[in-house]
Each structure stands twice: as C-alpha cells, then as structure tokens.
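Inspection log for the structure reproduced underneath, given as structure tokens.
The values are calculated or read from the model by the stated rules, or taken from the named source; none is laboratory data. Model, not experiment: these values are computed from the prediction. Positions of Cβ are backbone-derived with ideal geometry, glycine not excepted, and every protein chain shown enters the neighbour counts. We work out accessible area using only protein heavy atoms, side chains counted, and drop any ligands, DNA or RNA first. Shrake-Rupley method; radii C 1.70, N 1.55, O 1.52, S 1.80 Å.
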Amino acid sequence: MVKLKIDNADFEVKEGLTILDIAIGAGIKIPTLCNNKNFPHYSSCMVCMVKDQKKENFLPSCSALAQDGMDIDCSSDEVKSLRRESIELLLSEHRAECEAPCKVVCPGGYNIPLMNRLLSAKDFNTAVQLSIAQIQSSGLKCKDCPGYCENACRRKKVDTPVSIKNLQIFVSQQIKMENRVAGQHNIKKSSKRFASHIGKIEADELQEWLKECKNVIKRVREISDSDSAAMESESCMHCDCRAADNCRLRDIADEFSIKDPRGKIVNSPIQKKININTGLIFENAKCIKCGLCVRLCENSKEEPGLCFINRGFVSIISEPLTEDFNDILKTKSQEVIDICPTGALSLKTHQPPIWGA
Amino acid sequence: MDITSVVDEVVELTGRDPEKVVLILQEVQKRLNWLPSEALKHICEVTDITPEQISGVSTFYSQFRHLPVGKHTIKICAGTACHVKGSPLISDAFKRVLKIDNVRNASPDNLFSIEEVACLGCCTLAPIVQIDGKTYGHVKPTQADEIIHDFLISGNQPVNTPESVINEDIDAEIRIGIGSCCVAGGSKEILSEINNVKEKYNLNIRLKPVGCVGVCNQTPLMEIVTKENIHSRYTKVDKQQVEEILLKHVRPRSLNKRIKGSINDLVDTFLSEEKLSGQVNIPVELREKYLNNFLNHQVHISTKNSGVLSPESYEEYCLSGGFEALLKCIKESDQKSIIKIIADSGLRGRGGAGFPTGKKWGISFLSTGNPKYVICNGDEGDPGAFMDRMLLESFPYRVIEGMIIAGFATGASEGIFYIRAEYPLAVTRVRTAIKRCYENGVLGNNIYDSTFSFNVKIFEGAGAFVCGEETALISSLEGKRGTPHLRPPYPAVSGFRGQPTLVNNVETLSIVPWIITYGQEALCSMGTEKSKGTKVFALAGKISKGGLIEVPMGITIREIVENIGDGVINGNTFKAVQIGGPSGGCIPASKADTLVDYEELTKLGAMMGSGGMVVLDNTDCMVDMAKYFLTFTHKQSCGKCTFCRIGTKHMLNIITALTEGKATLEDINDLEKLCKYVRDGSLCGLGKTSPNPVLTGLKYFREEYEEHTRGICRANKCRDLIKYNVNDSCTGCTKCSQECPVKAIPFKPYEKHEIDQLICTKCDNCRIICPEKAIEIINING
Ligand SMILES: Cc1cc2nc3c(=O)[nH]c(=O)nc-3n(C[C@H](O)[C@H](O)[C@H](O)COP(=O)(O)O)c2cc1C
Ligand code: SF4
Ligand code: SF4
Ligand code: SF4
Ligand code: SF4
Ligand code: FES
Ligand code: FES
Ligand code: FES
C-alpha cells in the first residue's frame, strides 16, 4: 500500500496507480487530453499537471505513479497557470477554426455552412426547418441584411463568395404556413464559446479547402430553384470544424476561459487529407499530437493506420510513408475518429448536431 | 543491384526482428545512400516491421535520408566550439561555392550535399568540415574552394593504422596520435611519412599509434622515446618536418656516403631550429614546458596512461594493470561488497545528473528479472563535448572492464554499448576491443572460470540527441521512436525489454576499475564534500590551449581557464564559460572562482552536464549563444510534450527577434516567463533544462539582452545589427574586391575601397583577406 496526500487529504491506495487514477476516484477534477484508460499512459499534452510539493517539481498526473509520502497539489493557482499555459501553447499552433467566418459575422448567428450542406445534399425539408428555427430565434431576415456573410466568405479569396444571401432567401421563401406553425425546433442561443482562429492563410493552403467541394460544376448567383441552390451550395468549403460541438480542446479552453492566442506559429502547411474509400478526413492543423490515434493503430500489420512522422516541432500524424492515404484504416476509421480529442480526424459526411448541442 | 535484393541481403544479415529496425535502415542506407520508399516497403514485407514503425522511426532520426543526395556529403560542424569560431559563415561559403540548391540539397552536378551536424568531436580544431571521411580543421570561409579542390584530387583514402609490433631491440619508439582530432590534424599523412623515412634510411624504430593525448588543438602530435628513455614531443608536426625530426633522434643503421652528407646537413639545420619550416620553430624546452603545463594540472583516472597505450592492444592494457580489477572482483569479492565500494567511493554519474552510482547499482542488484542488462551510454550529443568519444576511442578496454564489473555486481548477463552515429572510429575501436576480450576470455561464458557469464554488443545511434536520455535510449534500442517517458519506473527496475537495466555513462564506467584497484578512499579523498574524484572536460572555444582535460573535482573554473588553458586567445578578455552544453548555462568571468562541483554549478543556474566547457570572450554575444543553444534543443526536441515541442519554438522566436533588433523589453519579460513554464512543464531533461542558457544569460548578462532591443550587439556578432566598413588603413590593394563573392566592393586600385551595404552578404571574406586590417565590423546604427 502507498500513503500519500492529495490536496491535503490523506489517501492509502494500492501500488501502481497514477495520481490521476486516485484523483478521479476522489472526485478531484483534473483536465486531460492525451489520456485514455484503454491505452498505456503516454503524457504528451501536459494539461493534467500537478505539483509534487516535496520535490518542488511538476508532474503529468496521468503517468505519475503514486509514491509513498508524496504531497500532491492539484488545485493551486500555480498548478492551474501551468495547465493554462499548456493549453495556450497547444492553441498557439492550432491553425483552425471552430466556427466558419460567415457564421461568425452573421448578426443572426445563422449556421450558414450547415445550410449549405443541407442544400447540396438536397435535403430541403431539413433546410426549411433550419431556416424557420433561425428566423424565429433571431428575429432577423436575410433580405434586411447587407450580407456581411458574403463579405467574410472564404470562397471570396478563391474566386467569388458563395451566394449565401440568395440561398438563404430562397430557402426562407419555401417556408409554408403549416411548417411555421409547427416550429418544433428552437436553436438554443449558445453562450459565447471559445473559438479558435487560423491567422494568416497562404495561397497554397487555400487550395486545401477546395478539396471539400469537388463537385462544383457551375457557380450561380441568382437562386431560382432547388437545382441551382444545390449547385451553388456545393461551392461552400466547409470552413467550420466538424468537431465544433464535440471537441475536448474547445471544452478545456472554455473551462479555462482562454482567449485564442494571437500570432499563431506554423509547423507545417495546412492540409486536408480525404480518404476516398472511407470518407476519413485528416486535418493536420487541428492535431495536438496526443498520439492516441497512433496508439490505437499500433501492431496492426493487416491494416495500415496512422503514425508519427518526423521529430520535434515539425512532427505530424500521417499515413505510413509506404502507403496511400486512401488505403489506410479500411475498417478502423470510426475508431480513430472517436478517440481523437479534436477535430483533426473526422468523417467527410459528418454533420454536427443540427439544432446545436 | 536492385533495391529489393539489397534489402534481402541486409535482412539476411540482421534478421527480421522489429527491434533491428534502426540497424536495417542503417545498412540499407549504407548501400543505397538514401532510403527510397520502395526499400522501406520491401523491408516491411520481409520482416516483422510494420509500415507505421518504419515510417515513424526512419523520420525520427536525423541520419536517415528520404531523398537522394549528392555523391559526397559535406558535413559542416554546427557544434558549440565550431559555432563560436564562425561555422555559420563556413556553411554559407560552401553553399555559395557549390551553388547548392536548398530544396534539393545538392550541387548542380549532384556531386555534393551539405549537412550541418552536431559536434564532430574535434572541437579543438574548430571550425570543422568533414567531406565523406576526410576531416578539415581550422577552416576559413575563404577556403571553401580550396578544400573542395583538395578533396577532389586526394579523394577519401582510408586511414591505415599499422599494428604496433613488439620488438624490444629498437632505437626509439615513435608515438603518434590517432584520435579523431589527430587524424583530422593530418596524422595519417605523418604516419605514412614516418614509414617512408624509416624505409629510406632503414631506421630501427617502432611506430606506435596511440590514443588521444588530450592536446587536441596542437595536432598532429608526435612523441619520440629513445632507448635511453628520453621523451621529446612535437606538436603540429608538418609532413616536411618528419624526416628532420626523426633523423635528429635516431641514427640511420646503414648509410651510404652521399646520404650521410645530407643528413649532417639536416641535423645542423635542426639544431639551429630557426631554419626549420612550419610551426616547430620553438626551442624544444619551451615546447616541453608548454605541454607540461597543460598536462601537469590534471589528474588521470579515466584517461590514465594517455598517449602511452595503443588503444586497440589488449596486451598493453593488461600490462598496464588492466583487468586486474575485474579479476579481483570475481575472485576475491562478491556483489554486495563491490556495490558498497562504489557507493563509499562517492562516485556519481558523469552523464549529467550526477546520480550516485553505487545507489543505482544497488537498485539494479535488488530488482528481480532475468536477464538483466547494463547499458553504456555513449550517445554524447552535447554539441560542445567529446570526452566520451575520446574515452571510447583511446581506452575501450577500460570502459569494457568497467561495464563487466557493473554487470557482475548487479547480476546482469548482457551489456550494450549505445554509441553515437557520428563516432565511427569509436565504434571500430570498441568493436575490436570486444573481439579481443572474447578471444582472451574476459567476455563470454564463465569468465575467469567463474559461474559469471557476460556478453556485449554494440548499438549505433542514428542521430538524435534526445536518445542520450536513458528512457529514450531504451525506446530507441527497442526499435521505437526515441521518445522518453516519465520515471518511475526507473530503467534499473524496468528498462530494456521491461527488464532491470543499469544505464551508466562511458566516463562513469571508466572510473570503476580504478576504484576497485586503488580502493574507495583513493577516490573519496579527492574532490569536494559531495563531488568526488575527477571529471573529464572538453575544453574548447576561445582558449589558447584546448583539448581534453581530466581535473580533480573542486578545482576552480579560473584554474582551468588560466593554468590549464593558458588564458583566452588573441589577448581578448575572458567573458564567460559555457558549461554543460545546451542544458547548462553561461558562468560569467566574475564567478570564475566557483568550484567544479555538481551542486555549486547547479546553484549558478548551469550544470555539470556531460562536460563540455566552452570559453567565451568579448567577441561572443550572449544572446547569440542562447539562440544557438535554443536552436539546437528545439531541433532536437522529440516533440512528445507540449512545453518542449511548442514552448521552445516561442522562446526561439523571441530570441531571434532580439538578435535582429526587433524585440522589446516586454518581449524579454515574456521570454523569462515562458522559460519558467517550459522548465516546469516539460516531460524530460531535454525540455526541462533547455531554458538554462537563456535564464543564466538573463541572470548575468541582462543588460546585453536589453541592448539588443535598442539594436546594439556589443560583441558585433548578430548579423542583422552589424555592417562591414573599410577604414583609413586601406591602401587600395584591391584584395577585398577580388575576394568578395557578390562584388559588393568596386575595384579601385590605390584608392580607399568602399563596400556597397545593399549588396554585402556579410560573408567575412574581405575582412579575412585584407592584409592591412582595414576592414572592420561596426554597429549598423553606429
Ligand atoms: C536530453 C538528455 C541527453 C542526455 N545525453 C546523455 C549522453 O549523451 N550521455 C550520457 O551518458 N548521459 C546522457 N544523459 C543522461 C542519461 O539520461 C542518464 O542519466 C545517464 O546516462 C546515466 O548515467 P550516469 O549515472 O553514469 O551518469 C542525457 C539526459 C538527457 C535528459
Ligand atoms: S479541433 Fe476543436 S478547437 Fe480546433 S477548430 Fe475544431 S472545434 Fe475548434
Ligand atoms: S465557404 Fe462556406 S463555410 Fe466558408 S465562409 Fe463561405 S459560406 Fe461560410
Ligand atoms: S489526430 Fe487526433 S488523436 Fe491523432 S494525434 Fe492528432 S489529435 Fe491526437
Ligand atoms: S563586402 Fe560583404 S559580401 Fe563582400 S566580402 Fe566583405 S563581407 Fe563578404
Ligand atoms: S493527459 Fe496527462 S499529459 Fe495529457
Ligand atoms: S567539432 Fe565542431 S563543435 Fe565539436
Ligand atoms: S585526438 Fe589526438 S590529441 Fe585528442
């Protein structure tokens, strides 16, 4: 048995437990990112830091084994500021956006990229439902708005902005009396959440977003029918993050009330890799190098998976050098997506929950 | 040969075990010069290595290339000593002369590629350039052309080290250093010249190659011991002088008249000294005094018998008392008593942290597991250190003996030498020594007829500083990426393959036989209260006499710099000592009376580290030094933990802005805060100690940091803050104009020359070439 103090409370536990294990058992909250109980601990994110008061040093609690006589501090300001720094450092190379620029500037907070995806998928029913909910919760109508969205639209940097305003107006025109009465869906006014930003985007990098809209045939300005709506909405580049409502990093940033650090640093150019067989998407700039996906793929000679490439600041998650991204993870895509704490790994077809979390 | 058959051939040799991945990659690259993905793919097909493993591992280590390179690789040393002696300018010069394309990293004719490498282990001859196996020392940026030319005609001849022959009926023994520095200094040419002279005059002499003598910046070094046992040493020997020197000491056995005449002539010339060409024109007594001063303040334990032992000779090592300690351990002692002797001697690990060696052995002894391992850590990655290299090259048997004793004491049956990739000579020497040990029964089964068996093998690193950290080293041995993990579990409890593994530094092990032979008190009586015995340092930088020194603990830094190193070069002022490499710090001259002692150095914010000691003078900029070390640690970070991977990048960005005069006082405060976070939050020693150079810089030289925010670099080192200027001493000789590679100086015979600041690339060529010292470096704002 091992005797130790955590936050001044005495514990007596069996050998081989980590400090995090004990803390969880005792209901002491420690944030974690790279830890997963199904895998041997690894300790890379360093957001779970605690202080060893006797040795005057700091330890990642997820792999620090409890030792006799330890006196651990989990909650002081000193510990919290170190954790906070680790998150800020992770975010300082996080060249990614939780929310699309169009949505951010929309005075009504319309979920524009979502609407575009519904339209391009020709799911007009849901599109109409979304429009009703948006109008009801904000009281705003697109025809009264100068169209901030189009000004902010990233597509503008490639060629011309998506015809957002006309698309929205077109959908709102389809609203019939009977739909309006129903009004089953109410968008929860989400409290102001943490939002990561990209910073400067290089011209080459911009091309990566175009991979999201491979099927653009023709651009249309005037939206007159469902076909033109579907055609134009296809040119939306999916600027919002697929994990916006399901991201550990974003959650923790919220918990610590962190503002996105200014001046992002670049370790490798932004890339979107899309597996044409499984729809798996990997976005390197969202990866925090926690290594969970790599640990999941280890020892699978049958099915090539993900691995680390390079060393240090420029290390990155990748398919093996000998494989094509299209050929990896034939069966395990969903597993790696589930284990990834961020939006770095996701499914092309994934839709964040439509009515907000 | 096609790629698949190369791979098949290699795998035939190495086996299919995933642990062998580094070796397989090394062997394949040796044959193909790079690693095409076809080769990687085939390796996965014929071994148990997965595509993930081979991709992760082959991109982790700097040694492996995934793009074809030029036929010859020019390695430019970017180690500390070379950096302070101007290696960045050298690198620029080679790139310019060869028109190296940065993307492809090859010259247009595909003949040359450039690689910047951490210390090549010849710091005392800095700056160093190595083309394939051929080493050039004291290189100037203006020599790039000349060196390439020399390389192309002379090619890369292998070093032939003649076996030393035992033959007592000789007139003299000629000892010549064959350590890396000596070879770089040209000792192989000297060796062959001695042989020529020997044949020409039929001299009755024995030629004996010896290991590093320690005076590495005076190489090549030649010592003549005559029958009468008179020693004469010659430093910086030139090929042309060999004949003269030899004939002075040794009489030819049979001479024909004509040659005799010419010899008398020669001897006369020699006696009057002045007529001699080259650098040997100092009277012998003076030379002796010079060397003796350097050697006398030292105490030799790890380096015992330096310059006397033939590194590869098992017999000589035994004659000098070698393997007696091992015999004593096995025949007269037992495990617990040996561990107690080591503990009582006060020996602490020389690998950096200074953990008590006896205690570590005790833990390993008590751990259960079979087999147990002993690892000799020879990864020495500190860019300003080469002690371990020298010990392995010159005293391989001593280190092996220490390892066997460690194995016996802790109950281990297998030993592994982990040796850095850049040390091929050390690998060869240790390999030969291991072979000889097996032949003589000190390795293998039932050593000295006891029940104790011990086997040793070598693992060559692949170029990753972090693999010096013991848990990363073990990952690397296991065929994984060399990333560290949190301890405990300590390797002594659960290490290589999960078994108890004792990891000790080369130097630590080399002291062990001495302690056993002379007793624990002998070591314990030397040094300070908590730091016992001696420490080997690589003394380099702006010092008159650099080299490898072994000094007793408790000596002051000033004694080392002034007595042993004979002060700073060129009459410049002694500014600081950088100690402990990238993990250590700069100790200012005002604190030079600090004792060499683990705790004392740590108190100052530096650390003992592995033993790099680089002397800095007033022409060195402290911000530039910090930037240099941070660049190194940042590049060497394994990338696992957030603070080290990203934190060092932010630190480096701020420091870089400082050297460009673009940072503010507030940035300095941010930098200091960040340093503390990185120190507290990093997972392993690499990250935790990476802020030390900055923190000591801020502690002792803060005003220099602050000056940089105003665009002033008082050492005139930071390139963005200086410019080249022609002063009134210019006689209009036009040399600078001819030498300037970018034509920034218009050709104006007999007129004062001028430099066009917009064109000048600050390559330093003009300043080197100017015979009038008319070209000066001044502050850009001044
Ligand atoms: C980044 C880093 C690099 C290291 N490099 C070396 C090295 O090159 N050689 C070495 O012996 N120890 C090195 N160490 C220390 C080892 O982790 C370990 O403490 C040492 O080998 C133990 O041997 P000792 O007790 O004999 O000193 C390094 C440690 C760190 C954190
Ligand atoms: S990964 Fe998380 S933090 Fe990053 S953009 Fe996506 S939701 Fe935001
Ligand atoms: S491309 Fe789509 S998601 Fe991006 S800003 Fe434009 S409309 Fe919004
Ligand atoms: S892709 Fe996701 S799971 Fe994999 S290392 Fe990056 S953040 Fe972690
Ligand atoms: S003027 Fe500038 S570029 Fe030309 S030789 Fe001098 S330092 Fe070099
Ligand atoms: S959760 Fe502990 S270091 Fe990431
Ligand atoms: S040889 Fe260049 S620094 Fe050591
Ligand atoms: S290697 Fe020759 S003296 Fe050091």
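Numbers at a glance
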quantity	calculated
At q = 0.17, 0.21, 0.22, 0.25 Å⁻¹, base-10 log of I(q)/I(0) for region B:458-508 (Debye sum, equal scatterers on each alpha carbon)	-0.47, -0.72, -0.78, -1.00
Heavy-atom accessible area ranking, 1.4 Å probe, most first, across B:743, B:676, A:103	B:743, B:676, A:103
Rounded to 5, percent antiparallel among DSSP beta bridges of chain A	90
Share antiparallel - DSSP beta bridges, the protein assembly as shown, percent rounded to 5	65
Sequence of B:628, B:750, A:148 when ordered by accessible area, the most exposed leading, probe 1.4 angstrom	B:750, A:148, B:628
Region B:719-779 - convex hull of alpha carbons, volume per residue in Å³	67
Interchain or long-range residues, amide H under 5 Å from residue B:532's placed H	B:348
In order through region B:102-108: 3J(HN,Hα) via Karplus (6.51 cos²θ - 1.76 cosθ + 1.60), integer Hz, x for Gly, Pro	5, 6, 7, 6, 7, 6, x
When the convex hull of its Cα atoms is projected in every direction, mean area for region A:101-347 (nm²)	14.9
Region B:658-782 - percent of accessible surface contributed by carbon and sulfur, probe 1.4 Å	49
Check: the protein assembly as shown dipole with +1 on Lys, Arg Cβ and -1 on Asp, Glu Cβ, in debye	1900
Residue among B:416, B:89, B:113 farthest towards the positive dipole end of chain B, charges placed on Cβ	B:89
Principal semi-axes in Å for region A:218-350 [√(5λ), Cα gyration tensor, largest first]	29, 22, 14
Volume of the Cα convex hull of region B:510-664, divided per residue and given in Å³	141
Whether region B:410-460 is rounded, prolate or oblate, judged on the alpha carbon gyration tensor where a/c under 1.5 counts as rounded	oblate
Accessible-area value, residue B:14, 1.4 Å probe, nucleic acids and ligands omitted, Å²	20
Cα-derived Rg to Rh of the protein assembly as shown, Kirkwood definition	1.02
Share of pairwise Cα separations in region B:359-455, more than 16 Å, in percent	57
Cα-derived Rg to Rh of chain B, Kirkwood definition	0.97
Solvent exposure of chain B as accessible area per residue, Å², 1.4 Å probe	38
Solvent accessible area, Å² - residue B:34, 1.4 Å probe, full protein context	70
Rounded FRET efficiency, nearest 0.05, which uses the C-beta distance separating residue B:232 from residue B:324 and R0 of 41 Å	0.85
Which listed pairs, of B:71/B:99; A:3/A:51; B:627/B:773; A:3/B:359, have C-alpha distances above 20 Å, in listed order	B:627/B:773; A:3/B:359
Coordinate range along principal axes, alpha carbons of region B:314-523, Å, largest first	42, 35, 32
Candidate residues B:65, B:104: accessible-area rank, largest first, probe 1.4 Å	B:104, B:65
Number of partner chain Cβ atoms within 10 Å, mean per residue of A:85-92	5
Accessible area that becomes buried as B packs against A, both chains, 1.4 Å probe, Å², nearest 100	3500
Three-way shape label, region B:3-60, alpha-carbon gyration tensor, a/c 1.5	rounded
Point-charge dipole on Cβ atoms (K/R +1, D/E -1) for chain B, about Cα centre, debye to 20	520
Over chain B: helical MRE at 222 nm, DSSP H runs n ≥ 4 each giving -39500 (n - 2.57), nearest 500	-11500 deg cm²/dmol
Cα centre as origin, Lys/Arg/Asp/Glu Cβ charges: region B:687-732 dipole, Debye	220
Descending Cα extents along the principal axes, region A:1-53, whole Å	27, 20, 19
Leading residue at positive end of dipole, the protein assembly as shown (Cβ point charges), from B:781, A:174, A:241	A:174
Top positive-direction residue, dipole computed over region A:198-331 with Cβ charges, set A:316, A:224, A:210	A:316
Of A:37/A:103; B:134/B:208; B:95/B:545; A:272/B:676; B:134/B:457, pairs whose Cα-Cα distance is over 25 Å	A:37/A:103; B:95/B:545; A:272/B:676; B:134/B:457
Cα pair distances in region B:673-730, grouped into 10 Å bins until the bin that holds the longest one, percent each	20, 32, 26, 14, 6, 2
Fraction of accessible area attributable to carbon and sulfur, region B:3-60 (%, probe 1.4 Å)	51
For residue A:321, solvent-accessible area (1.4 Å; no DNA, RNA or ligand), Å²	70
Descending semi-axes in whole angstrom, ellipsoid equivalent of region B:72-154, from the Cα gyration tensor	19, 13, 11
